1. Give the relative contact order (percent, whole number) for segment 106-183; include only Cα pairs under 8 Å separated by 6+ residues.
2. Per 0.36 nm of contour for each residue apart, how much would the distance between residue 45 and residue 94 grow if the chain were fully extended, relative to their Cα-Cα spacing?
3. Which value, to two decimals, describes the C-alpha radius of gyration of segment 4-130 once divided by 2.2 N^0.38 Å?
4. What do you get for the angle between helix 160-169 and the principal long axis of the chain? Use alpha-carbon atoms, 0 to 90 degrees, nearest ten.
5. If R0 is 25 Å, what FRET efficiency do you get for residue 66 and residue 105 from their C-beta distance, rounded to 0.05?
6. Once the piece of chain linking residue 237 and residue 304 is laid out straight, how much longer is it, given 0.36 nm per residue of separation minus the C-alpha distance between them?
7. For the chain, what number results from the quotient of the Cα radius of gyration and 2.2 N^0.38 Å?
8. Divide by every residue of the chain the summed helix terms, -39500 (n - 2.57) for each DSSP H run of at least 4, and state the resulting mean residue ellipticity at 222 nm, rounded to the nearest 500 deg cm²/dmol.
Amino acid sequence: MYKVMIKEFIKQFELEIIYASENLDDKYVTLMEVNRPGLQLSGYLGYFFPERIQLMGNMEISYLGTFDSKTRYEKLENYMDDQMPCIVVARDLTVYEEMIQVARIYNVPILRTQEVTSIFLSSAIRYLNRELAERISLHGELLEVYGEGILIQGESGVGKSETALELVKRGHRLIADDVVEIRKVGETTLLGTSPEDIRYFIELRGIGIIDVRSLYGVGSIKKYDNIDMVINLELWDENKRYSRLGIVDEFNEILGIPIPSLTIPVRPGRNLAIIVEVAAMNTRQKNMGYNAAKVLHDRIEKKFKGGNN
């Protein structure tokens, strides 16, 4: 189970701290969902998960404003729970004194943002979904090539880093070198990034460590990207048959999600960067409904059948 510290959440969204609980440094959230407590403030607590971040907007604050101080206190006391990671008030709305009084009892941080409620809600869920996602780390390179997230894998010394650097020189963007942290952010979506300590650095044998951002500028790097394709580089094996038409699609399964994959044999004279570029463009074409291998196969098959008739 992964967690997001509330102090990191505050920093990420630049939240104003209205009330900092005594245990703020130890507060964290482990659930991706964000709760808007409309029914809970009215007294219904069925299917309520206090462990979620709580978000109040115009509706909730206006509803609390219809009561006198005593009733408002009672409703908030019935609603608040010491398991709450925090309450966020959107739109820079008023925070009632009764809310702070009850928050002191249950050690619930009260935060505030100027963002519109719906925008903050979607941003918070997207952030939590990414930070709390199931994840693994794999050896390889991750780059954005023509809008496609390409994970390049292969044995050590096969030329992954050199291929990545050539792609950067050709205008594509580096996400991770050597170690790729992959997160499952949806039933069909994988998001890749680099461990922070080595982000945007590449190791080149014979040269050492280079800083891609410093050498090629901020346009050459990207923090996250979806993984749309896996390319496996391997030394050319004369005894192995490699696909020449590409009619049969191959897949690598990562965190239970099948990702289209190719195996590219490496030998002197092959420009791997161009091959990766073509693979990325071909993948985009397939996603748009055009498969060149299938079109050629159908054309030849049609001609062959026509000749037999």
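Values in this text are rule-based calculations from the coordinates and carry no lab data. The structure displayed is predicted, hence computed values, not measured ones. Note: ideal-geometry Cβ built from the backbone for every residue, glycine included; neighbour counts use all protein chains shown.
1. 36 percent
2. Working: separation 49, 0.36 × 49 = 17.64 nm, distance 2.42 nm.
Additional length available on full extension: 15.2 nm.
3. Details: Rg = 13.3 Å, N = 127, 2.2 N^0.38 = 13.9 Å.
Taking N as the residue count of segment 4-130, the ratio is 0.96.
4. 80 degrees
5. Numbers: r = 23 Å, r/R0 = 0.92.
According to the calculation, E is roughly 0.60.
6. Details: separation 67, 0.36 × 67 = 24.12 nm, distance 3.31 nm.
Net length gain for the segment: 20.8 nm.
7. That ratio works out to 1.35.
8. Values: 10 runs with 104 residues, N = 309.
It comes out at -10000 deg cm²/dmol, rounded to the nearest 500.
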